[in-house]
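Data block below; observations after.
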Protein chains: 2
Amino acid sequence: MTDANKVLQALGDATRRDMVERLTDTAMSVSALAAPYDMTLTAVAQHLAILEAAGLVKTEKNGRVRSCRLDTKGFDILDAWSKARRPLWQKRLDALGDVLDET
Amino acid sequence: MTDANKVLQALGDATRRDMVERLTDTAMSVSALAAPYDMTLTAVAQHLAILEAAGLVKTEKNGRVRSCRLDTKGFDILDAWSKARRPLWQKRLDALGDVLDET
DNA sequence: AAAATACACAAGTTTAAACTTGACTATTTA
DNA sequence: TAAATAGTCAAGTTTAAACTTGTGTATTTT
């Protein structure tokens, strides 16, 4: 499975999308992340693992609490995938821009 | 369901992602689109309907054949959603760029 | 040190989404 | 005009992903 496939698969689920949105500009513990959902902590932890494997979220454990924040990696992969689906002339224009930036 | 939710939900499925990738820079009939997959034409048509509802694909029927191509709409929605998940300072920089572009 | 908190893990269940079947319509080809 | 092609539709089945249960560990609080 490619990186982009992992990212898009991860974002295919409504709960995981909501988790990502709630983590925008805000770090939070697993329990805090789980609070609004009508499901067990285990289920939320499973969602989290998928987001982490996709590079959308990174976590760090301090003591007994695991802190979660967004990871830019997954979003970079997402942007690159989306860009590659653009019509040829747009990709050419974009490549031209990149060359100009370098000079 | 928001527009971004529809787009990400649609791209959550591996077959639909593959369909999108194969439609990059190439229009194609429903049967041509269905050819590589080990599933019925009906299943492919169902996937297609989801992609179309999300604004990722547009189709047009001429005679008995329906031609499918990518639609930029869905990708614009996807890009905007991804951009909104960036850290605050990146969004501020981006907003500054927009203002400078206008002047 | 006892109790509560925060999370982890393995194994089983449930359900929504993917997929099929069978019947049908419209269009093109032989 | 008969047959083949391209797709549509409603209704039923299947399966992978989401979710739960039960148990266990490390850490913090009282």
- prompt: Between copies, how close do the B:Glu102 label points come, placed 7 Å along Cα→Cβ, listed in nm from shortest?
  reply: 3.4
message: Using amide H atoms built in the peptide plane, which far-off residues or other-chain residues are under 5 Å from A:Val57 H to H?
response: A:Glu52, A:Asp71
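For chain B, what does the helix formula give at 222 nm: sum of -39500 (n - 2.57) over DSSP H segments with n ≥ 4, over the residue count, nearest 500 deg cm²/dmol? If you can, show how the numbers build up before the last one.
Numbers: 6 runs with 63 residues, N = 103.
Helix-only estimate at 222 nm: -18000 deg cm²/dmol.
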message: Taking the rotation axis that maps chain B onto chain A, which residue of B brings its Cβ closest to that axis, and at what distance in whole Å?
response: B:Gly12, 1
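Order B:Asp3, A:Asp38, most accessible first, counting only protein heavy atoms with a 1.4 angstrom probe. All intermediate terms of the calculation are to be shown ahead of the outcome.
Working: B:Asp3 95, A:Asp38 160 Å².
Output order, biggest surface exposure first: A:Asp38, B:Asp3.
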message: Need one value: the accessible area of B:Thr24 in square angstrom, 1.4 angstrom probe, rounded to the nearest 10.
response: 20
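Please compute, for peptide B:51-61, the average count of beta-carbon atoms on other protein chains lying within 10 Å of each residue's beta-carbon. Walk me through the intermediate numbers first.
Details: counts 0, 0, 0, 0, 0, 1, 0, 0, 0, 0, 0.
Taking all residues of B:51-61 together, the mean is 0.
For a quick check of your reading of the filter: which chymotrypsin sites (Phe, Trp or Tyr not before Pro) in the stretch B:34-103 sit in a DSSP loop and have no more than 16 other Cβ atoms within 10 Å? List each step's numbers first, then the result.
Working: sites: B:Tyr37, B:Phe75, B:Trp81, B:Trp89; in loops: B:Tyr37.
Sparse-neighbourhood loop chymotrypsin sites (Phe, Trp or Tyr not before Pro): B:Tyr37.
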Exposure ranking of A:Met19, B:Met39 by accessible area [1.4 Å probe, largest first]: B:Met39, A:Met19
- prompt: What is the Rg over Rh value, at two decimals, for the protein assembly as shown, using alpha-carbon atoms and the Kirkwood definition of Rh?
  reply: 1.02
message: How far, in nm to one decimal, is B:Asp18 from itself in the other copies if the label point is set 7 angstrom along Cα toward Cβ? Shortest first, please.
response: 3.2
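To the nearest 100 Å², how much accessible surface do chains A and B cover up together, summed over both, with a 1.4 Å probe?
On the way: alone 7010 and 7000 Å², together 11760 Å².
The A and B chains share an interface burying roughly 2300 Å².
Averaged across B:10-23, how many Cβ atoms of other chains sit within 10 Å of each residue's Cβ atom? Display every interim value, and only then the final one.
On the way: counts 2, 10, 9, 3, 5, 0, 2, 7, 1, 0, 3, 4, 0, 1.
If you average over the peptide's residues, the count of other-chain Cβ atoms is 3.
Rounded, prolate or oblate: which fits the stretch B:1-55 when a ≥ b ≥ c are the square roots of the eigenvalues of the alpha-carbon gyration tensor, with rounded for a/c under 1.5 and prolate only if a/b beats b/c?
Working: a/c = 2.03, a/b = 1.60, b/c = 1.27.
Taking the square roots of the gyration eigenvalues as a ≥ b ≥ c, the stretch B:1-55 is prolate.
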- prompt: How many nanometers, to one decimal and shortest first, lie between the label point of B:Asp76 and those of its other copies, if labels sit 7 Å from Cα toward Cβ?
  reply: 2.8
- line: Simple spin-label estimate for A:Ala95/A:Ala49, 7 Å along Cα→Cβ, in nm, reads 4.2
message: Give me the three principal axis extents of chain B from the C-alpha atoms, as integers in angstrom, largest value leading.
response: 50, 26, 23
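Send over a whole-number figure in Å² for the accessible area per residue of chain A, probe 1.4 Å. If you can, show how the numbers build up before the last one.
Numbers: 5880 Å² over 103 residues.
On a per-residue basis, chain A sits at 57 Å².
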task: Measure up A:Lys83/B:Lys73; A:Lys61/B:Lys6; A:Lys6/B:Lys6; A:Lys6/B:Lys83; A:Lys73/B:Lys58; B:Lys58/B:Lys91 against 24 Å on the Cα-Cα distance and list the ones that go over.
output: A:Lys61/B:Lys6; A:Lys73/B:Lys58; B:Lys58/B:Lys91
- line: Given backbone amide H placed at 1.01 Å from N, residues whose amide H is under 5 Å from that of B:Arg66, ignoring those fewer than 5 places away on the same chain, are B:Val30
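The values are calculated or read from the model by the stated rules, or taken from the named source; none is laboratory data. Note that the structure is predicted; figures quoted are calculated from it, not measured. Note that we place each Cβ from the backbone using ideal geometry, even for glycine, and neighbour counts take in every protein chain shown. Only protein heavy atoms, including side chains, enter the accessible area calculation; ligands, DNA and RNA are left aside. Shrake-Rupley method; radii C 1.70, N 1.55, O 1.52, S 1.80 Å.
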